[in-house]
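The values are calculated or read from the model by the stated rules, or taken from the named source; none is laboratory data. Keep in mind that what you see is a predicted model, and the values were worked out from it rather than measured. Don't worry about glycine lacking a Cβ; one is built from the backbone with ideal geometry, like all the others, and counts go over all protein chains shown. These accessible areas exclude ligands, DNA and RNA; they are computed on the full protein's heavy atoms, side chains included. Shrake-Rupley method; radii C 1.70, N 1.55, O 1.52, S 1.80 Å.
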Amino acid sequence: MTFCEKIWTRTATLLEAIHDHPFNVALGDGTLDRERFAFYLVQDGRYLVAYAKVLATASARAGSPADAAFFAQSAHTALVVERALHTGYLEEFGLTAGETAAVATSPTCLAYSSYLQATALAAPLPVLAAAVLPCFWVYQDVGAALLERTAGAADHPYRTWIGTYSDPAFAASVEQAKAITDRLAESADPETRRAMDEAFCRATEYEWMFWDSAWRLETWPTGQWLRPQLTRTTR
């Protein structure tokens with residue numbers, strides 16, 4: 001078995017929990033309320049900025065021009081295509097830039113982003129490739145499942161979101177990310193492969209936590225003890 005085949009088997013129960021999470025169930029049913037979806041979009045937009053930087057770092061560290069080009073293009077897609085999807089929905093919901101800016105970055109969003117950024121700076125390239133893979137693969141897996149579930153609902157409120165992550169072009173990028181990761185795993189020493197395994201699992205755990213945080217409209221429990229930020233006034 002390849003690295004990807006083994007790690008997909010190891011995380012099978014976690015992946016099932018992702019599909020069965022109330023957020024994704026409601027998303028597929030079309031009953032997910034706008035408040036939760038808007039919260040998710042704001043957090044995911046911020047995550048994608050960090051994720052794009054991580055992918056750009058992977059591009060800079062890649063050993064082959066083809067791998068470098070793939071990670072660079074993926075960084076561009078995260079910043080331009082996926083964030084445009086988010087912006088479209090937020091505008092449809094009537095949320096202004098000021099209103100979205102006022103939403104605090106959730107603990108889970110900050111944690112996941114920080115984990116990937118730390119991995120990009122401190123871990124070997126094979127470990128970084130494994131850490132960024134779940135954001136490709138899990139989303140494609142969820143998108144494909146939701147597309148199948150909603151095939152007869154042409155007026156589904158989240159059709160555009162589902163279409164983005166079930167698109168054949170996105171599936172092709174997932175296969176390329178998997179191929180790169182498998183190739184890096186083949187030449188890695190046992191310690192690095194173990195680190196790759198753990199990185200993939202940790203990032204997949206964060207994927208579940210990210211949807212769960214949106215479902216709960218996660219806030220900082222410590223915020224109640226902080227004084228309001230002071231603003232300067234001019235005379």
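Please label the shape of the range 112-235 as rounded, prolate or oblate, based on the square roots a ≥ b ≥ c of the eigenvalues of the alpha-carbon gyration tensor (a/c under 1.5 means rounded; beyond that, a/b larger than b/c means prolate, else oblate). Intermediate results must be reported in sequence, preceding the final value.
Working: a/c = 2.43, a/b = 1.18, b/c = 2.06.
Taking the square roots of the gyration eigenvalues as a ≥ b ≥ c, the range 112-235 is oblate.
Can you figure out the FRET efficiency of ARG194 with LEU121, using R₀ = 22 Å and their beta-carbon distance, to the nearest 0.05? Show your work: numbers first, answer last.
Details: r = 20 Å, r/R0 = 0.91.
That pair, ARG194 with LEU121, gives E of 0.65.
For the range 81-145, the per residue solvent-accessible surface stands at 38 Å², with DNA, RNA and ligands left out and a 1.4 Å probe.
Axis angle, to the nearest 10 degrees, between helix 65-77 and the longest C-alpha principal axis of the chain: 20 degrees. A Förster radius of 25 Å combined with the Cβ-Cβ distance from THR164 to GLU5 puts the calculated FRET efficiency at roughly 0.45. Can you tell me the orientation of helix 107-122 relative to the chain, as the angle in degrees between its alpha-carbon axis and the longest Cα principal axis, to the nearest 10? Computed tilt is about 30 degrees.
Is the range 71-126 rounded, prolate or oblate when judged by the Cα gyration tensor, a ≥ b ≥ c being the square roots of its eigenvalues, rounded requiring a/c under 1.5 and prolate requiring a/b larger than b/c? Each step should come with its number before you reach the end.
Working: a/c = 4.12, a/b = 1.61, b/c = 2.56.
Taking the square roots of the gyration eigenvalues as a ≥ b ≥ c, the range 71-126 is oblate.
Size descriptors for the chain, from the alpha-carbon set: Rg then Dmax equal 18.5, 70 Å.
Surface composition of the range 9-73: carbon and sulfur make up 57 percent of the accessible area, probe 1.4 Å.
Remark: the ASP182-THR87 segment gains 30.8 nm on full extension, using 0.36 nm per residue and subtracting the alpha carbon distance. In the chain, the longest principal axis of the Cα atoms and the axis of helix 168-186 are about 50 degrees apart.
Oblate is the label for the range 83-160, because a/c, from the alpha-carbon gyration tensor with a ≥ b ≥ c as root eigenvalues, is 1.5 or above and a/b does not exceed b/c.
Measuring between their Cα centroids, the range 12-65 and the range 109-152 lie 7 Å from each other. Ranking VAL25, PHE3, THR13 by how far each Cα lies toward the positive end of the dipole of the range 1-54 (charges on Cβ) leaves PHE3 at the top.
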